[in-house]
Amino acid sequence: MKHLIIFILVTTYFRPHEACVKNRVLLHNELGPGRLLEFHCYSLYNDLGVKNLTFNATPYVIEFHDDVIVLTIWDCLLRQGANMEYFYKVEVYKAGHRIIPKCGQIRVWTAKLDGIYFSRDLDTPPVLALHWNS
């Protein structure tokens with residue numbers, strides 16, 4: 001019985017990607033016409049570099065699986081304004097318990113002039129979560 005429990009734990013631990021839908025972080029730019037959202041997103045193992053998103057463009061999507069050894073965290077430095085003078089470093093995703101990775105998690109971040117909005121799914125309207133720093 002002890003070996004069965006160990007077997008189940010090991011197969012669950014080392015095979016999460018087979019049946020696990022990737023987690024997603026979506027970034028939206030709703031700053032207004034002609035306004036760019038600049039962002040630099042990274043995790044411990046991935047750095048996506050600096051990118052720009054135009055107003056009402058297709059959302060930028062980051063897809064990934066939770067790491068089972070190291071806590072999965074994604075950070076993004078969001079910037080906007082004529083000289084990119086408004087900014088916020090946002091922890092856009094942080095995994096839960098590491099023993100059983102989460103699958104199919106969604107985090108939606110929307111940049112607007114009055115701040116940064118957040119939602120945990122596509123069906124719920126985002127709410128104001130953060131105000132821009134300057």
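The values are calculated or read from the model by the stated rules, or taken from the named source; none is laboratory data. The shown structure was predicted, so the numbers you read here are calculated from the model rather than taken from an experiment. Virtual Cβ from ideal backbone geometry, glycine too; neighbours counted across all protein chains shown. Calculation scope for accessible area: heavy atoms of the full protein, side chains included, ligands and nucleic acids excluded. Shrake-Rupley method; radii C 1.70, N 1.55, O 1.52, S 1.80 Å.
Filtered by the rule that a residue be surrounded by 12 or more Cβ atoms within 10 Å (Cβ to Cβ) and more than 17 Å from His40 (Cα to Cα), the stretch 94-111 gives Ala95, Gly96, Arg98, Ile100, Pro101, Lys102, Cys103, Gln105, Ile106. Give me the strands (runs of 3 or more DSSP E) completely within the stretch 1-81, filtered to those with at least 1 residues that are under 18 Å from Gly104 (Cα atoms) and at pLDDT 95 or above, ordered by residue number. So the answer is 23-29, 60-64, 73-80.
Out of everything in the stretch 61-71 that is in contact (Cβ under 8 Å) with a residue 40 or more places away in the chain and either within 14 Å of Ser134 (Cβ to Cβ) or open to solvent by less than 70 Å² (accessible area, probe 1.4 Å) (or both), what residue ends up being nearest to the chain's Cα centre (by Cα)? Among those that are in contact (Cβ under 8 Å) with a residue 40 or more places away in the chain and either within 14 Å of Ser134 (Cβ to Cβ) or open to solvent by less than 70 Å² (accessible area, probe 1.4 Å) (or both), it is Phe64.
Leu37 meets the conditions (1) within 17 Å of the chain's Cα centre (by Cα); (2) under 27 Å from Val21 (Cα atoms); (3) aliphatic (A, V, I, L, M); (4) open to solvent by less than 80 Å² (accessible area, probe 1.4 Å) in every case but one. The failed one is (2). Quick check, is Thr58 crowded, with 16+ Cβ neighbours inside 10 Å and polar (S, T, N, Q)? It is false that Thr58 is crowded, with 16+ Cβ neighbours inside 10 Å and polar (S, T, N, Q). Please go through the stretch 125-134 and pick out each residue that is open to solvent by less than 70 Å² (accessible area, probe 1.4 Å) and closer than 18 Å to Glu38 by Cβ. Passing the criteria: Leu130, Trp132, Asn133. Scan the stretch 112-124 for residues that are at pLDDT 95 or above and either open to solvent by 90 Å² or more (accessible area, probe 1.4 Å) or of a type in the set (A, V, I, L, M, F, W, C) (or both) and the total you get is 4.
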